[in-house]
Amino acid sequence: MNLDIKKWKDFKVSSIFTIHNGKGITKEEIEENTGDFTVVQSGEENNGVLGKIDRNYCEAMNYTLTDKPCLTVARSGSAGFVSFQVDGCVVGDSAKILLLDEEIASNEVYAFLQTILSANRFKYAYGRKVTESKYMNDTIKLPIERNEDGTPFTDNSKKYSEDGYVPDWEWMENYIKSLKYKPFTTKNKFSNIPNLNVNEWKDFIFSSLFDVSGTTTTPKEELEYIGKGKYPYVTTSATNNGVEGFYSHFTEEGNVIVIESACAGFATYQSENFSASDHAEKCTPLFDMNINIGIFLVTIINADMYKYSYGRKCNQIRIKNRTIKLPIQHNKDGSPFIDSEKKYSPNGYVPDWNFMENYIKSLPYGDRI
């Protein structure tokens, strides 16, 4: 199905959705009133879900909730982030619920509109909060119903548009249904995950594992001029694996770890060749790294992000000198294997790359990487 966006028309958000402002809800409330009802706040991780709470408690507190499928929009923090909650949810005071009329509400239409609304997120950058008035007066472009001769159908009641245009809900639903996908499955089971035995891990200096260097700073405007392509543009963002877009140009080779040095030290594994924004430090492995080992190491590195809170910057020197704990290779009798060349550790310990790789492969969905 061809999107043919040029033929779409403008609609105010208020003509499509009703909006419901959230109230309260703290992590302490969730911990003290556990349940199976989804709580949504302003974060974009985990689709905005903060946790699960008892629904009866939410009703007693008169919190804003719905049992129906809905969209939510973050008011602050990750302002403008839109999530789709297929089983409904309760929202805290940093989020809002968006609902469609029952006669047009379907999972497919919600999924279509989530993508459309997400394109407006840039309007709430730089600390701008989502207010009810501003958000509902925003406009979005949607496909419209047409007559048999191809001319726009117009509704005399002008329910959705001053020009009488009507969004083509059926087309949106069919478009989502036409997308090719299969349910994501895994053969791995939790019972097969090996024990980490973290107490037996040893310290390694980062510079003994990686060659740490800067990347070539490439302005996004330059990449947009070059054009779209297959190479990721890696930024300091902590979402979407740091990737902001794909372009036809790259300056860095892949199979490396990239650490954001502007402040928090967030790390990503980049398997493909890429270009980067400023404050992206490249960590080239001094060992044979693959995607599974890279994912394992990134998880360990990001566990130490707290060290760069309160304005402490994660610069190259700090990256090179930091220590991380890793599983080590052992002899057949269970004693630590010691490398006489002491390549990775003054004590001769050697990271157990096979364990790291197999651990990631053993996780649920690890067989789909």
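Quick notes
- Failed criterion for residue 196 (all others in (1) over 23 Å from residue 293 (Cβ atoms); (2) in contact (Cβ under 8 Å) with a residue 24 or more places away in the chain; (3) not in a strand (DSSP E or B) hold): (1)
- Within the stretch 22-39, the set of residues being under 17 Å from residue 76 (Cβ atoms) and at pLDDT 95 or above comprises just one member, 39.
- Across the stretch 347-365, the qualifying residues are those that are part of a loop (DSSP other than H, G, I, E, B) and of a type outside the set (Ser, Thr, Tyr), and the one among them that is farthest from residue 183 (Cα to Cα) is 347.
- Filter result (touching a residue at least 12 places away in the same chain (Cβ under 8 Å) and out of contact with any strand residue (DSSP E or B) (no Cβ under 6 Å at 6 or more places or on another chain)) within the stretch 167-184: 169, 171, 172, 173, 174, 175, 176, 177, 178, 184
- Set 236, 217: member being polar (S, T, N, Q), farther than 23 Å from residue 288 by Cα and at pLDDT 90 or above: 217
- So residue 350, is it under 25 Å from the mean Cα position of the chain (by Cα) and β-branched (Val, Ile, Thr): no
- Selection within the stretch 124-136 - surrounded by 13 or more Cβ atoms within 10 Å (Cβ to Cβ) and part of a helix (DSSP H, G or I): 124, 132, 134, 135, 136
- Residue 198 being over 19 Å from residue 6 (Cα atoms) and not assigned by TED's automatic domain parsing to the domain that holds residue 335: no
- Looking across the stretch 137-181, the residues that are within 14 Å of residue 9 (Cβ to Cβ), assigned to a loop (DSSP other than H, G, I, E, B) and under 35 Å from the mean Cα position of the chain (by Cα) come down to 143, 145, 160, 161, 166, 168.
- Of all the residues in the stretch 81-94, those that are under 20 Å from the mean Cα position of the chain (by Cα) and over 16 Å from residue 37 (Cα atoms) number 3.
- Residue identified as out of contact with any helix residue (DSSP H, G or I) (no Cβ under 6 Å at 6 or more places or on another chain) and closer than 22 Å to residue 171 by Cα among 76, 83, 94, 118: 118
- Search result, residues across the stretch 199-243 that are of a type in the set (Lys, Arg) and surrounded by 14 or more Cβ atoms within 10 Å (Cβ to Cβ): 202, 220
- As for the stretch 40-56, it holds no residue that is of a type in the set (S, T, N, Q), modelled with pLDDT of 95 or more and closer than 30 Å to residue 237 by Cβ.
- Residue in the stretch 246-288 that is modelled with the highest pLDDT, counting only those that are surrounded by fewer than 16 Cβ atoms within 10 Å (Cβ to Cβ) and part of a strand (DSSP E or B): 284
The values are calculated or read from the model by the stated rules, or taken from the named source; none is laboratory data. Because the structure is predicted, anything quoted here is derived from the model rather than measured. Cβ coordinates were reconstructed from backbone atoms using ideal geometry, including for glycine residues, and neighbour counts include every protein chain displayed.
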